[in-house]
Amino acid sequence: NEKVVNCLYQNRNAIFRLVCFPWAGGGSTFFAKWGQDIPNSMEVHAIRLAGRESRLDEPFASDMHQVVDEIACALLPIIQGENFAFFGHSMGSCTAFFTALHLKEKYNLEPVHLFVSSISPPHAQLHFLEDDMCDERIAFLVKKMGVILEDFVGDEELSQESVTKVLADLHILKDVICGTHSKTRLSCDITCFSGSEDLPVDMEAWKDVTSGNFDSFVLPGHHFYLLEPSNTSFIKKYITKSLEISALAP
């Protein structure tokens, strides 16, 4: 499980398990560090996909089904019998959503809350991921979206390595967006976050995938607005408050 799920700060007495899903090309470290200053009511787990960090020698996953199956198997010992929630940024939102659907369909498990960020839901057909899109077009859009972080600017080797990871992930995302979609509907609450200067995304469409409550927030910044400390703080506090309120519900 530790290969797939990164929990830097274990808290056996936590009431909730928050599972965070990385953006395309991303690793687990950014979200795993959230556990350092999160309230004692929560334990943070971050997903680590094949081909990055300690799994660098493993080949990238070939499709979303493979990704979801692996994540679900790793999460079961952590979330069974527990209250848990998912947070995903960009592609991580879609991965979290498909994982939630899989858990509901196969194990009758569902997060109490799904928090998504900076991407339309799969059924909304993202306009920039056409079915016949070539690698060059995807790479251009990757850079336009700001996926290649400033830390890599000027370092061609690191930048190309990052592009390779992003391309692998976006091919998976393109396949599920252009494919058929499950008719299963979630019942958990969904909250959306997005950056005010990001490319246009239809966050409101997320309300279509659940019978639960829906809310949406626009925070200052671009696609990676959540890297801004003030935005990170807002998201953490909102997640904490939402989950604590859900614990009081009958």
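Is it the case, given these coordinates, that residue 103 is in contact (Cβ under 8 Å) with a residue 12 or more places away in the chain, of a type in the set (A, V, I, L, M, F, W, C) and surrounded by fewer than 16 Cβ atoms within 10 Å (Cβ to Cβ)?
Numbers: in contact (Cβ under 8 Å) with a residue 12 or more places away in the chain: yes; of a type in the set (A, V, I, L, M, F, W, C): yes; surrounded by fewer than 16 Cβ atoms within 10 Å (Cβ to Cβ): no.
Taking the combined requirement at face value, the residue does not satisfy it.
Please pick out the residue among 83, 40 that is polar (S, T, N, Q), within 24 Å of residue 236 (Cβ to Cβ) and out of contact with any strand residue (DSSP E or B) (no Cβ under 9 Å at 6 or more places or on another chain).
40
Taking interchain pairs and intrachain pairs at least six residues apart, which have beta carbon atoms under 7 angstrom, with the first residue in the range 50-71 and under 21 Å from residue 19 (Cα atoms) and the second of a type outside the set (A, V, I, L, M, F, W, C) and surrounded by fewer than 13 Cβ atoms within 10 Å (Cβ to Cβ)?
Between residues of the range 50-71 that are under 21 Å from residue 19 (Cα atoms) and residues that are of a type outside the set (A, V, I, L, M, F, W, C) and surrounded by fewer than 13 Cβ atoms within 10 Å (Cβ to Cβ), the close pairs are 50/58; 50/59; 51/58; 51/59.
In the range 1-14, how many residues are out of contact with any strand residue (DSSP E or B) (no Cβ under 6 Å at 6 or more places or on another chain) and either part of a strand (DSSP E or B) or over 21 Å from residue 54 (Cβ atoms) (or both)?
Within the range 1-14, the first condition is being out of contact with any strand residue (DSSP E or B) (no Cβ under 6 Å at 6 or more places or on another chain), and the residues that meet it are 1-4, 8-10, 12-13.
From what is left, the residues that are either part of a strand (DSSP E or B) or over 21 Å from residue 54 (Cβ atoms) (or both) are 12-13.
Counting residues in the range 1-14 that are out of contact with any strand residue (DSSP E or B) (no Cβ under 6 Å at 6 or more places or on another chain) and either part of a strand (DSSP E or B) or over 21 Å from residue 54 (Cβ atoms) (or both) gives 2.
Return the pair list, or none, for Cβ contacts closer than 9 Å from residues in the range 175-193 that are modelled with pLDDT of 95 or more to residues that are loosely packed, with under 14 Cβ neighbours inside 10 Å and part of a helix (DSSP H, G or I), at least 6 apart or on different chains.
192/204
Could you please let me know if residue 81 is over 13 Å from residue 96 (Cα atoms), touching a Lys or Arg at 6+ places or on another chain (Cβ under 6 Å) and not hydrophobic (A, V, I, L, M, F, W, C)? Please lay out each step first, then the result.
On the way: over 13 Å from residue 96 (Cα atoms): yes; touching a Lys or Arg at 6+ places or on another chain (Cβ under 6 Å): no; not hydrophobic (A, V, I, L, M, F, W, C): yes.
So residue 81 fails the test.
Hey, could you check the range 192-212 for residues that are touching a Lys or Arg at 6+ places or on another chain (Cβ under 9 Å) and part of a loop (DSSP other than H, G, I, E, B) and say which is nearest to residue 86 (Cα to Cα)?
Ranking the candidates gives 211 first.
The values are calculated or read from the model by the stated rules, or taken from the named source; none is laboratory data. Predicted model only: the values in this text are computed from it and were never measured. We place every Cβ from the backbone using ideal geometry, glycine too, and count neighbours over all the protein chains shown.
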